[in-house]
Amino acid sequence: MNEKIKEFREYRSAMNEKLLAGNNKVIKRIFNLDTNTYMEGALSTKVKEMLGLVSSMVLRCDDCIKYHLEKCHEQGVTNDEMMEIFSVANLVGGTIVIPHTRRAIEYWELLHEK
């Protein structure tokens with residue numbers, strides 16, 4: 001596994017553990033809502049992850065972008081689909097999203113390395 005991917009996953013996991021260890025009811029409920037939102041429903045998990053990625057790009061959250069890129073990769077999103085996702089995010093979010101798209105492309109490529 002690429003070192004950047006490993007580093008991101010380990011950091012995210014460790015910090016989520018610390019956050020949840022605070023045993024705050026609201027934080028736990030937010031995490032639960034997040035988990036339940038991305039489950040299969042009227043929309044497929046794949047579509048929901050693509051929507052999450054666009055939203056994260058428009059909001060310019062690099063950690064969220066990486067997370068949703070990983071989930072899109074797991075869901076079998078193709079390179080062509082990913083370019084359309086990037087197109088929607090840049091149209092909706094404007095040119096300020098371009099730097100995040102550059103980093104997203106870099107991370108997407110890392111996810112495809114064998």
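Test each condition in (1) on the phi > 0 side of the Ramachandran plot; (2) out of contact with any Lys or Arg (no Cβ under 8 Å at 6 or more places or on another chain) for Gly76 and report the one that comes out false.
The single condition Gly76 does not satisfy is (2).
Given the structure, is Thr37 of a type in the set (S, T, N, Q) and either out of contact with any Lys or Arg (no Cβ under 9 Å at 6 or more places or on another chain) or surrounded by 13 or more Cβ atoms within 10 Å (Cβ to Cβ) (or both)? Outline the logic, then answer.
On the way: of a type in the set (S, T, N, Q): yes; either out of contact with any Lys or Arg (no Cβ under 9 Å at 6 or more places or on another chain) or surrounded by 13 or more Cβ atoms within 10 Å (Cβ to Cβ) (or both): no.
The answer is no for Thr37.
For region 1-60, give me every one of the helices (runs of 4 or more DSSP H) that falls completely inside it and has 2 or more residues that are over 15 Å from the mean Cα position of the chain (by Cα) and of a type in the set (A, V, I, L, M). Working first, answer last.
Numbers: elements: 3-21, 25-37, 45-59.
Correct list: 3-21, 25-37.
Under 6 Å between Cβ atoms, which residue pairs at least 6 apart in sequence (or on different chains) link something in region 55-83 that is without any contact (Cβ under 8 Å) to a residue 24 or more places away in the chain and over 17 Å from Ser13 (Cβ atoms) with a partner that is β-branched (Val, Ile, Thr) and surrounded by 15 or more Cβ atoms within 10 Å (Cβ to Cβ)?
That search, which allows pairs on different chains as well, returns Ser56/Ile65.
Yes or no, residue by residue, for (1) modelled with pLDDT of 95 or more; (2) in contact with a His (Cβ under 9 Å, 6 or more places away or on another chain); (3) surrounded by fewer than 16 Cβ atoms within 10 Å (Cβ to Cβ):
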{"site": "Ile27", "(1), (2), (3)": "yes, no, yes"}
{"site": "Gly41", "(1), (2), (3)": "yes, no, yes"}
{"site": "Ser55", "(1), (2), (3)": "yes, yes, no"}
{"site": "Ile65", "(1), (2), (3)": "yes, yes, no"}
{"site": "Lys114", "(1), (2), (3)": "no, no, yes"}
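In the list Val77, Val97, which residue meets the criterion of being part of a loop (DSSP other than H, G, I, E, B) and either surrounded by 14 or more Cβ atoms within 10 Å (Cβ to Cβ) or in contact with a strand residue (DSSP E or B) (Cβ under 8 Å, 6 or more places away or on another chain) (or both)? Show your work before the answer.
Working: Val97 fails: part of a loop (DSSP other than H, G, I, E, B).
None of the other options fit; the residue is Val77.
The values are calculated or read from the model by the stated rules, or taken from the named source; none is laboratory data. Because the structure is predicted, anything quoted here is derived from the model rather than measured. With ideal geometry, Cβ positions are generated from the backbone for all residues, glycine too; neighbour counts draw on all protein chains shown.
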